[in-house]
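Rule-based calculations on the coordinates, nothing more; no lab input. Quick caveat, the model's predicted, so the values are computed rather than measured. Don't worry about glycine lacking a Cβ; one is built from the backbone with ideal geometry, like all the others, and counts go over all protein chains shown.
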Amino acid sequence: MKDTGPQTGHGGTAEDDHRRLLRSVVRTAVAIFDAQASSIALLDQADGELVFEAVAGKGEDGLVGRRFPAERGIAGWVLQSRQPVEVQDVDRDAHFARDIAESTDYVPKALMAAPLFAGDEPLGVLEVLDRSQELRAPLAAMELLALFADQASVALALVQRGRRERLTGGPAVEHGDAAAVRALAEEIGALDDGRGAAARRIVSDLAEVLRRRD
């Protein structure tokens, strides 16, 4: 029988669950930031490229699976520098790669981006495009983005773990995973205007993925 990868208790593979979680992250990022789009791009180290893994909002149709050089664009700079950034006007940023943006069928005016890491290992980049300016405090917006990036990193680390070995038990939630969930949950608890309900779906999805590891 062909090995189809780690199985969950509800059918399908554990990796399928993790990918659904990443889609939940970008969908909820769009809702919370009232943004035009959000994406997660994974690093393919062998090819030196970033690959769109999950996309929500403008340009999402057909974008998953698209690749671009990992050293290019604001996303590439963020990954290499390991620093999150908010760019208010992409045309004034030397790192912005307009040709890559145009190839996605949506060219943003502004964006936020945060690197995704598992320890010291680079995983990819989370981006939020054209967020609402009603989130007036840039620091608060960047802190919230960092929490989303932490959660996406947990999910991606689980994807990689699932690819390397079949999940055969052990603790359902490791200390680092649990800490990331708690931090995000605390931040979400302070959200209002209906955004909290949407954000809590992410925490619920993540908790479900972590429970299925046992």
Amide H contacts of Glu49 (H built 1.01 Å from N, under 5 Å, at least 5 apart or other chain): Asp44, Ala70
Amide H contacts of His95 (H built 1.01 Å from N, under 5 Å, at least 5 apart or other chain): none
Residue-wise HN-Hα coupling along the range 94-110, computed from phi with Karplus coefficients 6.51, -1.76, 1.60 (Hz; x: Gly, Pro): 5, 8, 5, 9, 4, 4, 5, 4, 5, 5, 8, 6, 8, 9, x, 8, 8
Point-to-point label distance, Asp34-Val64, nm (Cα→Cβ direction, 7 Å offset): 2.8 nm
Sequence-distant residues sharing a close amide H with Gly124 (under 5 Å, placed H): Leu43, Leu116
Shape call, the range 54-156: gyration tensor on alpha carbons, a/c limit 1.5: rounded
Phi to ³J(HN,Hα) by Karplus 6.51 cos²θ - 1.76 cosθ + 1.60 over the range 74-89, Hz, x for Gly, Pro: 5, 4, x, 5, 4, 5, 6, 7, 6, 10, x, 8, 10, 10, 6, 9
